[in-house]
1. Place a +1 charge on the Cβ of each Lys and Arg in segment 9-113 and a -1 charge on the Cβ of each Asp and Glu, then give the dipole magnitude about the Cα centre in debye, rounded to the nearest 20.
2. Strictly over 24 Å apart at the Cα level, which of Lys16/Lys49; Lys8/Lys42; Lys16/Lys83; Lys42/Lys94; Lys4/Lys49 would you flag in this model?
3. State the extension gain, in nm to one decimal, for the chain segment bounded by Lys83 and Glu31, taking 0.36 nm per residue of separation less the distance between their alpha-carbons.
4. Estimate the FRET efficiency between Val97 and Lys42 by the formula 1/(1 + (r/R0)^6), using the beta-carbon distance for r and 25 Å for R0, to the nearest 0.05.
5. Within segment 1-110, which chymotrypsin sites (Phe, Trp or Tyr not before Pro) sit in a loop by DSSP and count at most 12 neighbouring Cβ atoms inside 10 Å?
6. Calculated from the structure, Rg/Rh (Cα atoms, Kirkwood Rh) equals which of [x] 1.38; [y] 1.01; [z] 1.14?
7. Please go through segment 1-94 and write out the trypsin sites (Lys or Arg not before Pro) that DSSP classes as loop and that have at most 16 other C-beta atoms within 10 Å.
8. Just want to confirm a number: the relative contact order over the chain, from Cα pairs under 8 angstrom separated by 6+ residues, in percent.
Amino acid sequence: MEVKATTKYLSISPRKLALVCDRVRGMDAEEALIVLDYMPHKGAALVYKTVHSALSNARNNFNIDVSNLVINQIWAGEGPRLKRFKAGARGRYKPRVRRQSHLWVILAEREEA
């Protein structure tokens, strides 16, 4: 059985968030929480909260033993861009793009070989 959790409109670019997602993809969910807790990246705290939410969904909604769950899929997608500007020299303006991202986590039960 698969358990899903999403977090939307995160104030971090999807490229930076994807680096953290690549690090924990395929890990046991509880082991991934330990790794994320000690990562120095801003995105690690955001991924931690989403993985923890997925574990809570599995425990409370589906009565699944969380020790058997593995991060099956995790990815960061692009959210809306906030277009801002900053005044430049000689009356010009310099555009700034504030990128946002969406994060999806899918946990699955470990397959016993």
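1. I would put it at about 1740 debye.
2. Going by Cα-Cα distance, Lys42/Lys94 fall outside the 24 Å limit.
3. Length difference between fully extended and current span is 14.9 nm.
4. The formula returns an efficiency of 0.90 here.
5. Taking segment 1-110 and a limit of 12 other Cβ atoms within 10 Å, the loop chymotrypsin sites (Phe, Trp or Tyr not before Pro) found are Tyr38, Phe62.
6. [z]
7. Passing sites in segment 1-94 are Arg25, Arg92.
8. Details: 211 pairs, mean separation 46.2, N = 113.
Normalised by residue count, the contact order of the chain is 41 percent.
Bear in mind that the values in this text are calculations on the coordinates, not laboratory data. In this text the structure is predicted, and so the values were computed from the model without any measurement. Every residue, glycine among them, receives a Cβ derived from its backbone with ideal geometry; neighbour counts consider all protein chains shown.
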